[in-house]
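Notes follow once the structure below has been shown.
The values are calculated or read from the model by the stated rules, or taken from the named source; none is laboratory data. All values reported here derive from a predicted model rather than from experimental measurement. When we count neighbours, we look across all protein chains shown, and the Cβ atoms used for this are built from the backbone with ideal geometry, even at glycine.
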Amino acid sequence: MTKRYSAFALLKEGLVGHTGWQPAWRSPEPKPRYDVVVVGGGGHGLATAHYLVRNHGLSSVAVIEKGWIGGGNSGRNTTVVRSNYFFPESAALYEMALKLYEGLSRALNYNIMLSQRGMVSLCHSPAEMETAARTVNAMQINGIDAELLSRAEVQRLMPALNCGPDARYPVYGAVHQARGGTARHDAVNWGYARAADRAGVDILQNTEVTDFIIEDGACRGVRTSRGDIRADRVGIAVAGHTSVLAARAGFRLPLTSFALQAAITEAVKPALDCVVVSPATGTYVSQSDKGDMVLGGGLDLVPSYGQRGNLPTLETVIAGLLEMFPSFRQLRLARQWAGITDVTPDSSPIIGESPLPNLFLNCGWGTGGFKAIPAGGTLFAHLLATGKHHEISRPFDLDRFERGRLIDEAAGSGIAH
Amino acid sequence: MTAFRVEGAGRIDRARPLLFHFDDVEVRGFAGDTIASALLASGVNVVGRSFKYHRPRGVWGFGVEDPNSLVDIAAPVVGANAQATTTLAFDGMRVKSVNGRPNVARDRGRFIDLFARFMPAGFYYKTFMFPNWHLFEPSVRAMSGFGRVDADAELPRSAEQINRAVDVLVVGAGPAGLLAALRAAEAGRSVLLVEQGGTVGGSLLVRTAAIDGRDGVTWTAEMLQRLAERGATVMTRTTAFGVYDHGLVALNEKGQGGRPDRLWRIRPGHVVLATGAIERPLPFANNDLPGVRSAEAALAYLRHHGIATGRKVVVATNNGLAYETAEALAAAGVDVTLVDSRRDAGIVPKGYGLLTGRSVVAAEGRGEVAGVRLDDGSRLVADSVVVSGGFTPTVHLYCQARGKLVWDAVAAAFVPGGPLAGLSLAGAVTGAFDLAGVFASVGTALQPIGVAAGALPAVAAGQPYAIAAAWPKPGAEGRVFIDLQHDVTVKDVELAARENYTSVEHLKRYTALGMAGDQGKTSNLNGIALMAELTGRTIPEVGTTTYRPPFTPVPLSSLAGWRSGGLFNPPRRLVLENVHRDAGASLREYGGWLRPAFYGDGPEVEAVAREARRAREAVALFDGSPLGKIEVCGPEAAAFVDFVYYNAMATLPVGRCRYGLMLAESGVVFDDGVLMRLDANRFVVSCSSSHVAAVQAHLEAWRQDRFDRKRLFIHNATPALATLTLSGPQARPLLETLDLGLALDDAALPHMAFASGAFDGVPVRVSRVSFTGDRSYELVIGSDRAEALWTRLMAAGAAFGITPLGTEALMVLRAEKGYIVIGKDSDGLTLPVDLGVTAPLRRKKGEFIGRRSLVSPEAQRPDRKQLVGLVVEDGEAPLVTGAHGVETRDGAKRSIGYVTSSYVSPGLGRPIALGLIERGASRHGEVIDIQHQRTMRQARIAAPCAFDPAGERLNG
Amino acid sequence: MQLFSCPFCGPRGESEFRFAGEFGNARPEGATVTDAQWSSYLHRRSNPKGRSAELWLHLTCGEVFRLDRDTLTHVVSGSYALGDCAEEVQP
């Protein structure tokens, strides 16, 4: 049996028809109780389980997933990773994630294909250049790589970008984070799942949480489609569906669920080297290693749990793309879809204890959850294992809404989330 | 050369030959040929290279289901990844093969296939980690993708988009679609019938049929005639690619003669899906060799294009429908052997050999088919193998419409579970593969809309489908391909099962099965069935992946439509734009408006300084027309403005103006501006130019939520009224020359008052409000008279040294005064206290928007960022807007705020700046470090107002 | 393109509208409003999966109205002008 992934193992298995590979994760029967149960088998939930074992030595951990792991936003996003944030609190959070991403393939022994192709946020006016300067300086002060690019530098990075004066939104320059880029989303989910499973975590797929076991005013476990499962602490990491579980636990959260669309074109030979976003057109795009252009834009601002695409937003996103890259008119749309994002009033996440004791929340990542997975997992694991905040997650506690201490990146930096 | 044209067969126009280039090969065809059919007939066996292993691939299918034949079109209209099977051939066309260097015939990348055993599904997840994926990625990227984007191509900048409502939309113009469309049209419904292929009739143009005593082609022509008589619209080469919320169906109509494709958005009262079914491959080793193709496609190429797929052909099937292919090929003179995996189909062969109870286990040949090996070990020589593994109903649109599939064990396929609201199904999509069943399903499909199908056409019985499923088998020898476009084999699915990627979605993602541009039209079901077998589940237990739009790839240009250039988010334009242009203005977009940035030639800096200086010394005229003018009227108007402003407004006297802040409920400053009171029940809200729509919506929401809607009205008069502002010491003498019929002396019209006059008999409102710090008169006049007023002021102003004032110079003037621009000098966290406006919270009695937030713990924090002026302490250069104030605390550098506005003040002859700095209000006089791009400056914190702090010039 | 029905204008495409919040989020007022009450009004939402009563603004005519819809299927079940006994209609 071959356990460890490597070029050598691949050669060896290649000679014997790949019959020695083990399951990436088991499909165990649920146990009646665990120390910690994490609800939600997306990137955040799986990473949390992984770090509960690895960082905190817990031995009895389960991840409960209604469908198949990685089937929600962590398998539907546009795979962008970056930490070009404005406030020190956000910078610390997302930089923690990016740093972990940088070592993740080897840490998990699973190639997550981190591709640091650079993240370029375009500026289309002198006013946007001023905002860009504010962001770049904030990032540099926060110790994060960021440069302000001139138009010529932008053009050099992206020859296909229309930087001419005839562009509807002329390019003045850009914010560049060279360490930004993409990672293969499925690989992140599966890599964490495999690592967690190896460490003894039970990943329970096709298991739906129907209610919480509440005794003496505190959460003591979950009721599921496969029976009751008791736990000392329960964590929720279910993104767009958090409000549904919160309602079962008897509280409301500062969340509204919206569909965020994404789409890909057919695969073509390399034509775009970095990840680029234009706040003016509302479009962002990168080319995957497979060759397709992966595009996205703003939210469909109709509250929704329907995980499907729609035309109006997509048409705007594509019009924006073609304004930026006129030669992409040759391309064709291959697939569109949507994920359900849980959006907070300040578009920053919530990590903290819920109003129900022993029940903890990791939610509110909105459109930006994927890039934060390693940090979300690390911080949530810390909270679940110790009952206390890591200093990086403290500002993101639910209590900030009562205190009025919001962390509103869009408000602070003018750069869309 | 294998395939060949059969004399006299097909519907191509042999009188109109055509010639095009495929790479450097000359390809001859006829009008009516697709690129694929012309390539086939010309003996081009290799049309593509597979994605992963660069294996040679030939034409497999006939239409959108073909996984192999992607090409780039270099002329006449450039396009990447065109499907050769659905793209018409033109004389003079230039077609390039993709994914082969230098081309697919002699692909240098074909060596990859030698290493295929080391590259199973997901192999990249297991390697390339040491030392770093970054080292391997560039070569992987270079290998990936199919076609190329031609960066220099000139492409039409806009495509048409058309909206249409119809009673009944019928998708698919085969026998079911034709009959359903005709019956609906006969019942008086407006009908749109769309067909993705180039011809109407579907299987009737391919298979022999006898309908009411006519052959299928004649019957089709009659149906078309009758549809036309009933006024139904029939569109060919038009694909219904998506069903969206609330029943919207999107179509893409292929362009012709250089016209781009166009998008149709249809709102149908009802949809009948008659989308047919797609043939599956048979799983055997090397089933991807060029020359192996669909039996249905082989028949279609013969009937449509007069092409026989080979001279010695093996037809392999597990159902009755491939017999017609065998029979037709034999009739065309082809040597045919039919291999039927069923033991006894009870069919007497006509002109071809028949082996029953036998299956093909491998295709043999190097680079193209030379023969097959059967399960009994025997071999057959063949130059083409045509296969039918059964038919998969085309349920994509049904599933997009949230329909649920059920498993039909007899048809060995997923079929729709039944009609949905506003959508029903007819024909092969329901799992009916014989003509009688197809017509019968039309009656069911029309029931929901109350249309009777009437007497159904009488048909002669054809071969029964009678499929005996032949799913891929675990442990099959050789390389049995399931997904041809993405190179997924039986071994890959086995590996996925072994590694527990057993959910159908994991199977798809891990092996890439069905993720290519064809979205697995021929492959998904075989993959699902194999996974079911491997994991001891039934096929419906494994289930399908989610069907996503579009059904077939849609040009991005169709979806963008006309939103291009100036029509993409069109900027709003000033009534006086041409006047400004004539005055030499450089226009720039500000908050969605195209406005003069500065006037005249020369460097911008000098022009701005010139205008600013003249404004301070003499008089300047500024076009402030986008400035919001929202009227609030009614008996509740005073209470309303008091509620929506932070400042007390109910006490504002008639004829006076008051500056105020509007807050959001979070307490954050949402907008600022001047409120005027026209009379007891009438106010004008003057809001920021870029904010008018947002403010209007904000006011409307509160009006309707909280006030009596019958006693309070809001009207946005901004578009109807122009605002021209005179500012400067000479403003009053200049204005006096116009004789507006009102007293301009300071007693009659003091600062923050307004009065009404007339200009050439047209009412004009004159307000003493200032955004420059100088005496200013804001003239509001009907937009249609703005040009006359502007022209008169400029002419009369010449004697007073007037200058037109651009937005850039105005920004300098207001910054000198410390006047803020919301969103620039404030951000999404700025509270009134941060701007030094605290009196209303202390004094105002009534409730107002955002009040409670101003007493939150956060609002009380001492270290809030507050508006300050910044005086440069180290030289003459201005600070950079966006630079941060920094300090070092506990050894770490941190930001304490940032520069929000920065200019060189022509009036003061030194740089000025505004900023938001922590505890700034209490730090005046303190010198702080300012960082931009790792360089440090020094600035002293001061009051925001740097110019005329006593405000004497307002009346100067 | 979803179709929403403005009580004043009738059915129109979704891009003519703007979501204005959940219906029935009462504004707490007076001197005794606590931080928690105010925060709840500002930020906490039911965010239901399924039937939902919402406030929408029709951008073109300015009408603010109640729209009852299903957040999963997107089926619209009704729209009501404010003040027209909208409070009595149960979602």
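Would you check if there is a residue in segment A:373-388 being away from chain B (no Cβ under 14 Å), in contact with a Pro (Cβ under 8 Å, 6 or more places away or on another chain), assigned to a loop (DSSP other than H, G, I, E, B) and under 16 Å from A:Glu95 (Cα atoms)?
The initial filter retains those residues of segment A:373-388 that are away from chain B (no Cβ under 14 Å), namely A:373-388.
Next, from what is left, pick out any that are in contact with a Pro (Cβ under 8 Å, 6 or more places away or on another chain): A:376.
From what is left, the residues that are assigned to a loop (DSSP other than H, G, I, E, B) are none.
The answer is no, given that none of the residues of segment A:373-388 is away from chain B (no Cβ under 14 Å), in contact with a Pro (Cβ under 8 Å, 6 or more places away or on another chain), assigned to a loop (DSSP other than H, G, I, E, B) and under 16 Å from A:Glu95 (Cα atoms).
Which residue out of B:Leu734, B:Leu740, B:Leu726 is more than 14 Å from chain C (Cβ to nearest Cβ), assigned to a helix (DSSP H, G or I) and more than 28 Å from A:Pro345 (Cβ to Cβ)?
When all the criteria are applied, what remains is B:Leu734.
Considering segment C:18-43 alone, what residues qualify as being farther than 13 Å from A:Gly404 by Cα and facing another protein chain (nearest Cβ under 7 Å)?
C:Arg18, C:Phe19, C:Ala20, C:Glu29, C:Val33
Of the residues A:Ile318, A:Ile236, only one is facing chain B (nearest Cβ under 9 Å) and crowded, with 24+ Cβ neighbours inside 10 Å; which?
When all the criteria are applied, what remains is A:Ile318.
In segment B:95-153, which residues are part of a helix (DSSP H, G or I), more than 7 Å from chain A (Cβ to nearest Cβ) and of a type in the set (Gly, Ala, Ser)?
B:Gly109, B:Ala116, B:Ser139
Which residue out of B:Asp672, B:Asp708, B:Asp679 is within 42 Å of the chain's Cα centre (by Cα), acidic (Asp, Glu), under 20 Å from B:Met649 (Cα atoms) and at pLDDT 95 or above?
Every option except B:Asp672 fails the conditions.
Please verify whether A:Arg194 is in contact (Cβ under 8 Å) with a residue 24 or more places away in the chain, over 16 Å from A:Arg82 (Cα atoms) and among the charged types (D, E, K, R), treating the condition exactly as stated.
yes
Can you confirm whether B:Gly377 is assigned to a loop (DSSP other than H, G, I, E, B), surrounded by fewer than 20 Cβ atoms within 10 Å (Cβ to Cβ) and modelled with pLDDT of 95 or more?
yes
Looking at (1) of a type outside the set (Lys, Arg); (2) away from every other protein chain (no Cβ under 14 Å); (3) closer than 15 Å to B:Gly172 by Cα, can you tell me which one B:Leu251 breaks?
(2)
Among the helices (runs of 4 or more DSSP H) contained in segment B:782-867, which hold 3 or more residues that are over 24 Å from B:Glu604 (Cα atoms)?
Once the helices (runs of 4 or more DSSP H) in segment B:782-867 are filtered for at least 3 residues that are over 24 Å from B:Glu604 (Cα atoms), what remains is B:786-797, B:839-843, B:857-860.
Considering only segment B:765-774, state which residues are over 14 Å from B:Arg732 (Cα atoms) and crowded, with 22+ Cβ neighbours inside 10 Å.
Here is the first cut: in segment B:765-774, the residues over 14 Å from B:Arg732 (Cα atoms) are B:765, B:771-773.
Once the filter is applied, which keeps residues that are over 14 Å from B:Arg732 (Cα atoms) and crowded, with 22+ Cβ neighbours inside 10 Å, segment B:765-774 yields B:Thr772, B:Gly773.
Okay, residues lined up against (1) facing another protein chain (nearest Cβ under 8 Å); (2) within 30 Å of B:Phe123 (Cα to Cα); (3) in contact with a Lys or Arg (Cβ under 7 Å, 6 or more places away or on another chain); (4) free of Cβ contacts under 8 Å to residues at least 40 places away in the same chain:
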site	(1), (2), (3), (4)
A:Gly103	no, yes, no, yes
A:Met119	no, yes, yes, no
A:Arg134	yes, no, no, no
A:Ser150	no, no, no, yes
A:Glu153	no, no, no, yes
A:Pro159	yes, no, no, yes
A:Asn162	no, no, no, no
A:Pro165	no, no, no, yes
A:Val171	no, no, yes, no
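Do we find a residue being within 22 Å of B:Phe433 (Cα to Cα), among the basic types (Lys, Arg) and surrounded by fewer than 20 Cβ atoms within 10 Å (Cβ to Cβ) anywhere in segment B:232-240?
no
If the requirement is being assigned to a helix (DSSP H, G or I), within 14 Å of another protein chain (Cβ to nearest Cβ) and under 25 Å from B:Ser139 (Cα atoms), which of these qualifies: A:Val188, A:Val294? Give the derivation first.
Values: A:Val294 fails: assigned to a helix (DSSP H, G or I).
Just one listed residue meets the conditions, A:Val188.
Quick one: in segment B:487-520, of everything that is assigned to a loop (DSSP other than H, G, I, E, B), touching a helix residue (DSSP H, G or I) at 6+ places or on another chain (Cβ under 6 Å) and crowded, with 24+ Cβ neighbours inside 10 Å, which residue is nearest to the other protein chains (Cβ to nearest Cβ)?
Across segment B:487-520, the extreme among qualifying residues is B:Tyr501.
Based on what the data block shows, is B:Leu205 touching a helix residue (DSSP H, G or I) at 6+ places or on another chain (Cβ under 7 Å), of a type outside the set (Val, Ile, Thr), closer than 30 Å to A:Gln330 by Cβ and surrounded by fewer than 20 Cβ atoms within 10 Å (Cβ to Cβ)?
Against the criterion (touching a helix residue (DSSP H, G or I) at 6+ places or on another chain (Cβ under 7 Å), of a type outside the set (Val, Ile, Thr), closer than 30 Å to A:Gln330 by Cβ and surrounded by fewer than 20 Cβ atoms within 10 Å (Cβ to Cβ)), B:Leu205 does not qualify.
Within segment B:604-614, can one find any residue that is under 35 Å from the mean Cα position of the chain (by Cα) and in contact (Cβ under 8 Å) with a residue 40 or more places away in the chain?
No - not one qualifying residue is present in segment B:604-614.
So which of B:Leu661, B:Leu699 ends up being within 14 Å of chain C (Cβ to nearest Cβ), touching a strand residue (DSSP E or B) at 6+ places or on another chain (Cβ under 6 Å), of a type outside the set (S, T, N, Q) and surrounded by 20 or more Cβ atoms within 10 Å (Cβ to Cβ)?
Values: B:Leu661 fails: within 14 Å of chain C (Cβ to nearest Cβ).
Result: B:Leu699 is the single residue among B:Leu661, B:Leu699 that is within 14 Å of chain C (Cβ to nearest Cβ), touching a strand residue (DSSP E or B) at 6+ places or on another chain (Cβ under 6 Å), of a type outside the set (S, T, N, Q) and surrounded by 20 or more Cβ atoms within 10 Å (Cβ to Cβ).
Restricting attention to segment B:59-72, and to residues there that are within 18 Å of B:Gly255 (Cβ to Cβ) and either buried (at least 24 other Cβ atoms within 10 Å of the Cβ) or among the acidic types (Asp, Glu) (or both), which single residue is nearest to the other protein chains (Cβ to nearest Cβ)?
Checking each candidate, the answer is B:Asp72.
Only one residue in B:Val654, B:Val641, B:Val668 is in contact with an Asp or Glu (Cβ under 6 Å, 6 or more places away or on another chain) and not polar (S, T, N, Q). Which one?
Exactly one of B:Val654, B:Val641, B:Val668 is in contact with an Asp or Glu (Cβ under 6 Å, 6 or more places away or on another chain) and not polar (S, T, N, Q), namely B:Val654.
Out of the residues in segment A:210-224 meeting the condition of being surrounded by 15 or more Cβ atoms within 10 Å (Cβ to Cβ) and in contact with a helix residue (DSSP H, G or I) (Cβ under 8 Å, 6 or more places away or on another chain), tell me which one is nearest to A:Ala249 (Cα to Cα).
A:Phe212
Within the set of pairs 6+ apart or on separate chains, which have a first residue in segment A:1-28 that is free of Cβ contacts under 8 Å to residues at least 40 places away in the same chain and outside any loop (DSSP other than H, G, I, E, B), a second that is loosely packed, with under 14 Cβ neighbours inside 10 Å and not charged (D, E, K, R), and C-beta atoms under 6 Å apart?
A:Thr2/A:Gly20; A:Glu13/A:Gly20
Which one of these is at the interface with chain B (Cβ under 9 Å from one of its Cβ atoms), touching a residue at least 40 places away in the same chain (Cβ under 8 Å) and surrounded by fewer than 24 Cβ atoms within 10 Å (Cβ to Cβ): A:Pro326, A:Pro355?
On the way: A:Pro355 fails: at the interface with chain B (Cβ under 9 Å from one of its Cβ atoms).
Every option except A:Pro326 fails the conditions.
What residue, of A:Ala259, A:Ala246, A:Ala193, is surrounded by 16 or more Cβ atoms within 10 Å (Cβ to Cβ), closer than 17 Å to A:Val39 by Cα and within 14 Å of chain C (Cβ to nearest Cβ)?
Numbers: A:Ala259 fails: closer than 17 Å to A:Val39 by Cα; A:Ala193 fails: within 14 Å of chain C (Cβ to nearest Cβ).
Exactly one residue qualifies, and that residue is A:Ala246.
Do we find a residue being of a type outside the set (Lys, Arg), facing another protein chain (nearest Cβ under 9 Å) and touching a helix residue (DSSP H, G or I) at 6+ places or on another chain (Cβ under 7 Å) anywhere in segment B:906-927?
no
For residues that are within 19 Å of B:Ser767 (Cα to Cα) and crowded, with 20+ Cβ neighbours inside 10 Å, scanning just segment B:664-682, find the one that is nearest to the other protein chains (Cβ to nearest Cβ).
B:Asp672
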